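The values are calculated or read from the model by the stated rules, or taken from the named source; none is laboratory data. Please read these numbers as outputs of a predicted model, since none were measured by experiment. Neighbour counts are summed over all protein chains in view; Cβ atoms, including those assigned to glycine, are modelled from backbone coordinates with ideal geometry.
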Amino acid sequence: MSLLEGILTRLKSMQEKSEDSERYFEKNGVKLCKVSYFAKTNSFELKIYNEDGKSNAFQFDNIDMVAIEIFDILQNEDM
């Protein structure tokens with residue numbers, strides 16, 4: 001299974017529960033971002049953690065777009 005497929009699988013499982021939930025995505029034990037799913041609006045919030053301890057939050061109503069953003073975060077961590 002590719003990294004992108006794994007991300008999509010985790011996000012879809014959040015949607016299928018039909019309740020608010022959240023998951024962290026990390027690499028080498030370091031939390032890089034958190035995804036919150038809001039069942040009422042069927043939307044996601046992606047909170048990206050920066051090196052300085054601050055975070056940026058982005059709203060998505062498309063599962064594919066949030067998956068691509070998470071994929072990019074995890075890939076950029078390799079560089």
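Worth a mention:
- Restricted to the range 12-63, and to residues there that are touching a residue at least 24 places away in the same chain (Cβ under 8 Å) and basic (Lys, Arg), the residue that is nearest to ASN76 (Cα to Cα) is LYS27.
- LEU46 vs. criteria over 10 Å from the mean Cα position of the chain (by Cα) and among the aliphatic types (A, V, I, L, M): no
- Among the residues of the range 9-40, the one identified as β-branched (Val, Ile, Thr), surrounded by fewer than 16 Cβ atoms within 10 Å (Cβ to Cβ) and modelled with pLDDT of 95 or more is THR9.
Let's see how each residue does on (1) part of a strand (DSSP E or B); (2) among the aromatic types (Phe, Trp, Tyr):
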site	(1), (2)
LEU4	no, no
GLU26	yes, no
LYS34	yes, no
LYS40	no, no
GLU45	yes, no
MET65	no, no
PHE71	no, yes
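- Yes/no for GLU45 being within 20 Å of GLU5 (Cα to Cα), out of contact with any Pro (no Cβ under 9 Å at 6 or more places or on another chain), surrounded by 14 or more Cβ atoms within 10 Å (Cβ to Cβ) and of a type in the set (Asp, Glu): yes
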